[in-house]
Structures are given as structure tokens and as C-alpha cells.
């Protein structure tokens, strides 16, 4: 199961990427983020720990990192693995589209509400990024 949200932002890929590759900047756009660590560089295969408001710390892995284009991370949950995609897509007018995707690798309909909850703050986080990048 998968949900995505995309928004056009007047910025460059390089400026947008800075908010992804520097995990300290995640606090600016992930409003429920309490703590985040990364063991190693921001590259495919690196692991870290993330703690969100009201949740225990969770380990995540960067499963794909393409600088200035996209990165994906994976977190294991009791309901199945969750993949989070973050893409920067060039537009012909010099702007970019920021697209965030949340995938639950479990096609069981009973977990749809869980996926909806996980996805619920994604649009707001992209609007925060838009405001930060267009200042």
C-alpha cells in the first residue's frame, strides 16, 4: 500500500537536498521528530535511530541515496516494513517538485488505518519545506 504527496517549490535541487542530507535540518520539517542519529555518512546502507513524539526510538536504514535526486529509508514495524521516499524532481521552469511517499510492505486492508496515520503529517512537512526554501 502506498500514499504520495507532491508540491511544486521555487528552489534548486541543491538547496532542497541540503534539507535531506543534513539530518540536523530534519528537525525543521519533521514537526514530530524528537531525536535522530545517523551512524555513518548520508549514503545507501547507513543506519540510524529516529524518535518521534509519543513513540519509542526506531531504527531506520537508508536503502537508496541518489544525491540531489532522492533518498529512501526503511523502518521495521510490527505491521510490516515502512519505506519513506523523498524525491526532488526538476521542472522545466527552474522549480522542483518535492514528492514524499510512504509505502507499507503489507497489503492487508486491516493495516490501512496505520498507514493513513503514518502518512498524515507528510503534506504538512512538504509545505514546511516549501516555506523554508522559498524564504
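The values are calculated or read from the model by the stated rules, or taken from the named source; none is laboratory data. In this text, all values refer to a predicted model and were calculated from it rather than measured experimentally. Every residue, glycine among them, receives a Cβ derived from its backbone with ideal geometry; neighbour counts consider all protein chains shown.
Some observations on this one:
- Test for residue 12: is it within 14 Å of the chain's Cα centre (by Cα), surrounded by 14 or more Cβ atoms within 10 Å (Cβ to Cβ) and either over 24 Å from residue 120 (Cα atoms) or free of Cβ contacts under 8 Å to residues at least 24 places away in the same chain (or both): no
- Applying the condition of being more than 23 Å from residue 56 (Cβ to Cβ) and assigned to a loop (DSSP other than H, G, I, E, B) to the stretch 113-135 and asking which residue is nearest to the chain's Cα centre (by Cα) yields 134.
- Those residues of the stretch 39-55 which are closer than 22 Å to residue 17 by Cβ and outside any strand (DSSP E or B), in sequence order: 40, 41, 42, 43, 44, 45, 46
- Checked against the criterion of being closer than 21 Å to residue 127 by Cα, under 16 Å from the mean Cα position of the chain (by Cα), part of a strand (DSSP E or B) and at pLDDT 95 or above, the stretch 57-70 contains one or more residues that satisfy it.
- Residue 27 vs. criteria modelled with pLDDT of 95 or more, touching a strand residue (DSSP E or B) at 6+ places or on another chain (Cβ under 6 Å) and in a helix (DSSP H, G or I): yes
- Selected residue (criterion: surrounded by the most Cβ atoms within 10 Å (Cβ to Cβ)) from residues of the stretch 88-112 that are assigned to a loop (DSSP other than H, G, I, E, B) and touching a residue at least 60 places away in the same chain (Cβ under 8 Å): 106
- Whether a residue is without any contact (Cβ under 8 Å) to a residue 24 or more places away in the chain and either farther than 26 Å from residue 106 by Cβ or not in a loop (DSSP other than H, G, I, E, B) (or both) was assessed, and residue 19 does not pass this test.
- Look at the stretch 73-84: where a residue is under 12 Å from residue 111 (Cα atoms) and a partner is loosely packed, with under 14 Cβ neighbours inside 10 Å and at pLDDT 90 or above, sitting 6+ places away or on another chain with Cβ atoms under 9 Å, you get 82/76.
- Scope the stretch 115-135; condition free of Cβ contacts under 8 Å to residues at least 40 places away in the same chain and either on the phi > 0 side of the Ramachandran plot or touching a strand residue (DSSP E or B) at 6+ places or on another chain (Cβ under 7 Å) (or both); matching residues: 118
- Scanning the stretch 113-135 for residues that are more than 19 Å from residue 19 (Cα to Cα) and loosely packed, with under 14 Cβ neighbours inside 10 Å returns 113, 116, 117, 120.
- Those residues of the stretch 38-56 which are exposed (fewer than 13 other Cβ atoms within 10 Å of the Cβ), touching a residue at least 12 places away in the same chain (Cβ under 8 Å) and on the phi < 0 side of the Ramachandran plot, in sequence order: 53
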